[in-house]
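This report concerns only the one structure given below.
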Amino acid sequence: MRDVDKLALAMPGATKDVDDDGRPSYSARGKFFCFHRRPRPDAVDAQTGERLEDVFVFRVADADEKELVLSDPRGIFFTTPHWKGYNAVLIRIPDLKQVDRRELADLVAGAWLTRAQKREAKAWLAEQE
């Protein structure tokens, strides 16, 4: 999570809010691009039936990107019925250790790009070339 925090806050105009339970959310222009989600009835542990407390959400550009990320052979990304039709993927926080830093940076940047102002995004992308 330290890497997520560092990468997310390095994005232009990104802000971080922390809820009463200590769950961070990262926003651009007041709209989240990734966050630690509260336990919900749609994401439960298959063995215990308990709601998952360690789910992190990344926005993605569109349904095609969502399907691409979900097809990752490691099986670490998932979705739930709650997220049907919404451009985001979920991952359990312990599974973030299976994501190398470059891939994590791409996930965070891609999520940020979904919320950044067009001018700001274009300038940031130009800097990356």
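Any read-out appearing in this document is the output of simple, stated calculations on the displayed coordinates, not a laboratory observation. This one's a predicted model, so the numbers in the text were calculated from it and none came from an experiment. Using ideal geometry, Cβ is built from the backbone for each residue, glycine included, and neighbour counts are taken over all protein chains shown.
Largest mean-square fluctuation among 110, 30, 22, in a Gaussian network model of the chain whose springs join Cα atoms under 10 Å apart, belongs to 22. Loop sites only, by DSSP: take the trypsin sites (Lys or Arg not before Pro) in the chain that have at most 13 other C-beta atoms within 10 Å and name the longest stretch containing none of them. Result, exposed sites excluded: 85-129. Cα convex hull, segment 7-129: 119 Å³ per residue, rounded to a whole number.
The magnitude of the dipole of segment 2-128, with charges of +1 and -1 set on the Cβ of Lys/Arg and Asp/Glu and taken from the Cα centre, is near 440 debye.
Karplus-derived 3J(HN,Hα) values for segment 23-37, using 6.51 cos²θ - 1.76 cosθ + 1.60 with θ = phi - 60°, are 8, x, 9, 10, 10, 10, 6, x, 10, 5, 10, 7, 6, 8, 7 Hz; glycine and proline are entered as x. The residues neighbouring residue 12, those whose beta-carbon lies less than 13 Å from its own, together hold a net charge of +3 under the Lys/Arg +1, Asp/Glu -1 convention.
Legend: calculated FRET efficiency, residue 17 to residue 82, from the Cβ-Cβ distance at R0 = 25 Å, rounded to 0.05, equals 0.75. Put in line by how crowded their Cβ is, counting other Cβ atoms within 10 Å and starting with the fewest, 80, 48, 114 read 48, 80, 114. Per-residue Cβ neighbour counts within 10 Å put 78, 33 in the sequence 78, 33, beginning with the fewest.
Taking amide H as placed 1.01 Å from N in the peptide plane, the amide H of residue 52 sits under 5 Å from that of 40, 43, 44, 45, each at least 5 places away or on another chain. 3J(HN,Hα) along segment 108-125, derived from phi through the Karplus expression 6.51 cos²θ - 1.76 cosθ + 1.60 where θ = phi - 60°, amounts to 5, 5, x, 5, 4, 4, 5, 10, 5, 5, 4, 4, 5, 5, 4, 5, 5, 4 Hz, with x in place of Gly and Pro. Proximity of backbone amide H atoms, modeled 1.01 Å from N, is registered between residue 33 and 26, 27, 28 at under 5 Å, excluding neighbours fewer than 5 places apart on the same chain.
Distances between placed amide hydrogens fall under 5 Å for residue 87 paired with no residue 5 or more residues away or on another chain. Taking each residue as 0.36 nm, the span from residue 42 to residue 117 lengthens on full extension beyond its C-alpha to C-alpha distance by 23.8 nm. When the Gaussian network model of the chain links Cα atoms closer than 10 Å, the mean-square fluctuations of 21, 42, 62 top out at 21.
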